[in-house]
Amino acid sequence: MAALPIGARAALPPVVNGQPLPSLAPMLQNVTPAVVNISTKTRVRVRNPFFDDPVFRQFFGLNGSSREQVEQSLGSGVIVDAAKGYILTNNHVVGGADDITVTLQDGRNVKGTLVGTDPATDVAVVKINATHLQALPIADSSSLRVGDFVVAVGDPFGLGQTVTSGIISALGRSGLGGSSFQNFIQTDASINPGNSGGALVNLRGELVGINTMILSPSGGNVGIGFAIPTKIASEVMQQLIAHGKVSRGSLGVQTQDITPNIAKLLGLKDNNGAVVTRVMPGSAADHAGLQVGDVVTGINGTTLQNADQLSNAEGLLPANSTVTLSVLRKGTTRQVNAQLAPEKLAMLDGGKLDPRLAGVTFSDLNDQQASQGTAGIAVAAVSPASRAAQAGLSAGDVIVGIGNRRVTSLRDLQGLAALRPRQLVLLVATDEGLNYVVIQ
């Protein structure tokens, strides 16, 4: 009997029992050209107390020259509009970047322009000018079920485009840290560093999610990855393209979880829902008739377990959306309709407080931050060329003190800044914790 050719031994048979072997290859031929690699460069000012000394600078011939280092990062993105060159990705991939380069599957490198970012959902939109692009159709992620097969496409560890497969492990995951508003798809399709911003597709080759993060004690994939559903990502994308930012609606309430003591006090059967602790005058909740002590048990037909779920659902809806709330008051459940109003926050130009704060815009905390017990002043925007940015202040930071004095309101900030301290030291709360920012 003649030996088979070596290649034939390694190949799978094309047909078994008269049926062709199943393969994802035909579907992926249409998917992979729409998934891109994104590399960014961010210039960061390096602070060293020795270099702030004019004698030291003169001795070493530095003469005040800028001291910067360039940080580079890699991620992925998905072309969703071939004609206009729009790419969906993560805010943490491109947010704050000075240079964005998009590498297409055919090897072309194209300069990317940031259209807008939304840190609250970790969604960003980048635009490129290039021909012969291929986009992915966007599916309705709300039709996903646990157990559906999905495929993740991205560029993990900078290896190049990689495809992994798995199933939908869970839906509606939240409370994972990072972005403020979460309703993640959980999948066991391998997602690793560099996959962020890549595509999660169904077996029809339609986009159902934007891969964003993993849960892992080692930093590598352990079968627990998360993606932003297209229902959220596409709504955010539309606002970013139209306005460059996201306008969210607000109920205008502060709530808290229901403890056993609160449940007993209000005569509740369980701890599900969120109890209203404050209603802002003139807010959507005020107009809808909500009162302190009401328990919100559901929104738009979805049962609520705690206050975070209410805040999350509220934050994922655009301004002027109408929501139906299930409200329990004195043992009676009623349905209440409320139209979410755009949240209006007082703003303050930092340059009017102190020349060293030029380019910084401060604001009051939003309802979500206030309901979480945060106290301080939000940094709404920071000009990249400002002294504050060079010192390390970023949009999204919360100022909790100046020097050794606490700051809880814009009035506090105005009063302390008016003292014109010789050295402006801000105590700043970030996702990483508290740190000092010294602005010269």
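The values are calculated or read from the model by the stated rules, or taken from the named source; none is laboratory data. If you're wondering where the values come from, they're calculated on a predicted model, not measured in any experiment. As a convention, Cβ positions derive from the backbone with ideal geometry for all residues, glycine included, and neighbour counts pool all protein chains shown. These area figures cover heavy atoms from the full protein model, side chains too; ligands, DNA and RNA do not enter into them. Shrake-Rupley method; radii C 1.70, N 1.55, O 1.52, S 1.80 Å.
Values for this structure:
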read-out: Candidate lysines - alpha carbon under 18 Å from Lys269, same-chain residues fewer than 8 apart omitted; value: Lys330
read-out: Spin-label pair Val438/Ser174, simplified geometry with 7 Å Cα→Cβ offset, distance in nm; value: 4.2 nm
read-out: Cα-based shape type of segment 279-328, given that a ≥ b ≥ c are square roots of the gyration tensor eigenvalues and the cut on a/c is 1.5; value: oblate
read-out: Difference of contour (0.36 nm per residue) and Cα-Cα distance, Gln423 to Ala83; value: 117.2 nm
read-out: For segment 97-238, radius of gyration divided by Kirkwood radius, i.e. Rg to Rh on alpha-carbons; value: 0.94
read-out: Partners for Lys231 among lysines (Cα-Cα distance below 25 Å; same-chain residues under 8 apart left out); value: Lys84, Lys127, Lys245
read-out: Distance histogram in 10 Å bins (all Cα pairs of segment 105-176, percent per bin); value: 12, 32, 42, 14, 0
read-out: Percent carbon-and-sulfur accessible area, segment 288-440, ignoring ligands, DNA and RNA, probe 1.4 Å; value: 47 percent
read-out: Longest to shortest principal axis, alpha-carbon extents of segment 246-358, angstrom; value: 57, 29, 22
